[in-house]
Amino acid sequence: MNIKDIISEIDGVELELNKDLTKFSTMRLKCTGDLITVRSVEGLKACLKSLTNSSVKYRVLGMGANQLLEEVSAIPYIKLALPFDKSYLSEVKEIYSLPASVSLSVLSSHAVKNGLTGWEAFTGIPATLGGAVFMNAGTNLGEIGPLVKKVFVIDKDGEEKEITTDESSFSYRKQNFLSEGDFIYQVEMKHNGEDPAISKQIKDYLELRNRTQPLKEWTCGCIFKNSKNKRTCLAGKFIDIMGLKGLTHNGMRISPKHANFMENTDSASHKDVVALINIIKDELLLQYGVDFETEVKL
């Protein structure tokens with residue numbers, strides 16, 4: 001049975017076969033694959049259950065900001081597109097219940113308008129809320145994990161799970177509670193109060209990021225995680241010291257602006273990114289004995 005037969009009768013689910021997925025990656029990597037767009041929670045339940053019962057694996061696709069899409073994907077991608085009425089953000093709430101598909105930029109705008117403390121942590125991150133929770137996204141201003149109260153998940157068998165988070169739920173750039181095949185569809189999150197000064201802090205940090213990071217280029221954010229040892233061991237700094245800024249491989253370039261970013265300057269693919277990552281890792285190990293873990297999902 002092919003994938004079309006498996007999910008064609010499910011309401012709220014749309015299948016596009018052999019779709020050009022290049023625009024679904026912030027790095028604009030060449031990619032073709034099957035895309036399943038899910039527009040309802042019930043549709044997501046039925047979709048995951050049907051795929052699992054037919055032994056079909058799947059990948060979650062958010063904004064494609066922290067994952068490298070393969071040039072030809074044999075595994076279908078599932079993209080969540082739940083409806084969200086922005087009027088929900090017309091006033092400040094103590095606890096927000098939000099679809100995982102809402103973008104962080106929408107939430108950042110709300111934080112700027114109302115001075116929500118804590119929400120400065122995800123300033124400028126190009127991600128959906130679900131993707132940000134999955135990787136405990138953050139900046140120098142903090143991480144999203146401490147803001148999360150509950151995570152609502154549908155597992156690979158189509159069953160709902162409600163996870164109440166605590167201090168052990170997150171660590172540096174990862175969450176510790178999802179099982180293979182789990183799909184975040186809703187998140188409850190808090191803020192730490194209101195402070196008008198936060199609005200300026202967010203705007204200032206956005207300006208800083210624009211000055212120091214290649215935000216207008218085709219990138220996937222930081223390539224390597226920093227050291228777990230108080231994060232004082234900065235990957236970008238080591239790469240910069242080695243003089244590798246600007247190094248290019250088949251259209252993929254180490255950013256001249258920030259060495260922990262890679263820019264797609266032409267029409268690079270997954271294999272080109274991986275090749276350049278391996279070159280950097282080999283040089284880091286050879287010259288400094290440092291083995292950085294990738295932050296981007298390969």
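What pairs can you find where one residue is in region 147-174 and touching a residue at least 40 places away in the same chain (Cβ under 8 Å), the other is open to solvent by less than 30 Å² (accessible area, probe 1.4 Å) and basic (Lys, Arg), and their Cβ atoms are less than 8 Å apart, with a gap of 6+ or different chains?
Tyr172/Lys225; Arg173/Lys225
Take region 139-187 and flag every residue that is in a strand (DSSP E or B) and within 30 Å of Leu208 (Cα to Cα).
Once the filter is applied, which keeps residues that are in a strand (DSSP E or B) and within 30 Å of Leu208 (Cα to Cα), region 139-187 yields Thr139, Gly142, Glu143, Val148, Lys149, Phe170, Ser171, Lys174, Gln175, Val187.
Inside region 102-136, can you point out the residues that are part of a loop (DSSP other than H, G, I, E, B) and touching a residue at least 40 places away in the same chain (Cβ under 8 Å)?
Of everything in region 102-136, those that are part of a loop (DSSP other than H, G, I, E, B) and touching a residue at least 40 places away in the same chain (Cβ under 8 Å) turn out to be Gly115, Thr117, Gly118, Thr123, Gly124, Ile125, Pro126, Ala127, Met135.
Please specify each residue of region 69-91 satisfying the condition of being open to solvent by 10 Å² or more (accessible area, probe 1.4 Å) and touching a His at 6+ places or on another chain (Cβ under 8 Å).
Correct list: Glu70, Glu71, Leu89.
Which of the residues spanning region 179-230 are without any contact (Cβ under 8 Å) to a residue 40 or more places away in the chain and either within 30 Å of Cys47 (Cα to Cα) or of a type in the set (Val, Ile, Thr) (or both)?
Ser179, Glu180, Asp182
Out of all the residues in region 223-247, which are in a loop (DSSP other than H, G, I, E, B) and either at pLDDT 90 or above or in contact with a His (Cβ under 6 Å, 6 or more places away or on another chain) (or both)?
Ile223, Met242, Gly243, Leu244, Lys245, Gly246, Leu247 - these are the residues of region 223-247 that are in a loop (DSSP other than H, G, I, E, B) and either at pLDDT 90 or above or in contact with a His (Cβ under 6 Å, 6 or more places away or on another chain) (or both).
Of all residues in region 161-199, count the ones that are more than 22 Å from Ile78 (Cα to Cα) and hydrophobic (A, V, I, L, M, F, W, C).
4
Before we move on, is Ser267 closer than 22 Å to Thr22 by Cβ, among the hydroxyl-bearing types (Ser, Thr, Tyr) and exposed (fewer than 15 other Cβ atoms within 10 Å of the Cβ)?
yes
With the requirement that a residue be touching a residue at least 60 places away in the same chain (Cβ under 8 Å), outside any loop (DSSP other than H, G, I, E, B) and over 16 Å from Gln186 (Cβ atoms), what does region 65-101 give you?
Of everything in region 65-101, just one residue is touching a residue at least 60 places away in the same chain (Cβ under 8 Å), outside any loop (DSSP other than H, G, I, E, B) and over 16 Å from Gln186 (Cβ atoms), namely Gln67.
The values are calculated or read from the model by the stated rules, or taken from the named source; none is laboratory data. Given the structure is predicted, the values throughout are model-derived calculations rather than measurements. A quick note on method: Cβ atoms are made from the backbone with ideal geometry, for glycine too, and the neighbour counts reach across all protein chains shown. Please note that ligands, DNA and RNA were not included when accessible areas were found on the heavy atoms of the full protein model with its side chains. Shrake-Rupley method; radii C 1.70, N 1.55, O 1.52, S 1.80 Å.
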